[in-house]
Amino acid sequence: MGESSILQKKSLQELLSKMYLPLSQKIPLLGPKKKVIVLAGPTGVGKTELSLKLAHILGGEILSADSMQVYRGMDIGTAKVSKKVREDVPHHLLDIVDVHEPFNVATYFSMATKALDEIVSRGNVPIFVGGSGFYIQSILYGPPLGPKSDPKVRKQLEKKMEALGCSAMYEQVQLLDPEYAKTITENDRHKIIRALEIMTISEKKVSEFKRPLQIKNDTYNFRLWCMHYPLETLYHRIEKRCVEMLDQGFIDEVKRMKSLGLEQNSLAAKAIGYKEALEFLSSLQEKEDWEWFLYSFIRASRRYAKRQCTWFRKDPHFRWVNLEKTGKERFMECVLQDYEQSM
């Protein structure tokens, strides 16, 4: 091995050591397990691009961890990979249900674990990719805690949310379960409704349903990465991405999804971009309406990205990588080296 190769390997090892968790936080491995790569991070960070490269190198299959990519037709606004790309690299958990059909994290957990086992049985490498922390969390720590969702209770709470708004409903969570309220924000509409639903059905606090501190899925060795950029850089990437989506025909997509029942699905209708586009379509659609829509779309996307970062920072098992400092190529080398060397 040449001197330059030795230095490069040493450099990679040093970089990996900086990305690893402190020794006190590392999870002890009980023996060789099938390895699973998880690429998480905020919207617009470049997860898809790197996942495709890794899949080509490792012989991987990609499992989407995006709560909106499960819906057929929600393509541009969710940055879903094309069917041509899917023919090249197998993808799972995309286009599962029609937009008017209900879908939740419990269903995702069931389908994702089945797909994961099948990928491993074929001798391929599973790569989870996405920014829906709730979905990724279910794979690591088990299905969601608390009682099964009740459509009647959920509908009542959603009507109350529409009437009172997020802040008022969040105050109710703070009053009923201040401990859990500290883990979410007043903008987490879905989590607020779910928390109130759990407390209504079970008559218990959400914080009483304790999630395990250690990864519950002991069948696999999860190699957890969270990609990010400094906020200023990330915000610029998000703005560019929003404009590109509009150029690709995002408004026409929302019109089509509206005709297929988008507004019947309260969760999908509140998705970033779709909510703002629906409001624009219900306006006079004049110049100032368009300008407000664009501003609102970018602002909502930025806020969502910030919430995603907050979510993943709460999980001590992820290794954070600043792509602006590390670079995409070097990061990919680190992921590959970590995959090869881990037990």
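Each value in this text was obtained by applying a stated rule to the coordinates, not by laboratory testing. Keep in mind it's a predicted model, so treat the numbers as computed, not measured. All Cβ positions, glycine included, derive from the backbone under ideal geometry; neighbour counts span all protein chains shown.
Summary of computed values
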| read-out | value |
| --- | --- |
| Sole exception among (1) more than 22 Å from Met227 (Cβ to Cβ); (2) buried (at least 17 other Cβ atoms within 10 Å of the Cβ); (3) touching a residue at least 24 places away in the same chain (Cβ under 8 Å) for Lys258, by number | (3) |
| Output for region 60-93, where each listed residue is farther than 14 Å from Tyr274 by Cα and of a type in the set (Val, Ile, Thr) | Ile62, Val70, Val81, Val85, Val89 |
| Subset of region 229-245 [in a loop (DSSP other than H, G, I, E, B) and either without any contact (Cβ under 8 Å) to a residue 40 or more places away in the chain or touching a Leu at 6+ places or on another chain (Cβ under 9 Å) (or both)] | Tyr229 |
| Matching residues in region 320-343 - criterion: being without any contact (Cβ under 8 Å) to a residue 40 or more places away in the chain and in a helix (DSSP H, G or I) | Lys325, Glu329, Glu340, Gln341 |
| Verdict on Leu116 being under 18 Å from the mean Cα position of the chain (by Cα) and assigned to a helix (DSSP H, G or I) | yes |
| Whichever residue in region 264-301 is charged (D, E, K, R) and under 22 Å from the mean Cα position of the chain (by Cα) and, among such residues, is farthest from Gln69 (Cα to Cα) | Arg299 |
| Breaking point among (1) surrounded by 20 or more Cβ atoms within 10 Å (Cβ to Cβ); (2) out of contact with any helix residue (DSSP H, G or I) (no Cβ under 7 Å at 6 or more places or on another chain); (3) hydrophobic (A, V, I, L, M, F, W, C), for Val335 | (2) |
| Residues of region 246-295 satisfying the condition of being assigned to a loop (DSSP other than H, G, I, E, B) and hydroxyl-bearing (Ser, Thr, Tyr) | Ser282, Ser283 |
| One residue from Val125, Val70, Val89 being among the β-branched types (Val, Ile, Thr) and under 19 Å from the mean Cα position of the chain (by Cα) | Val70 |
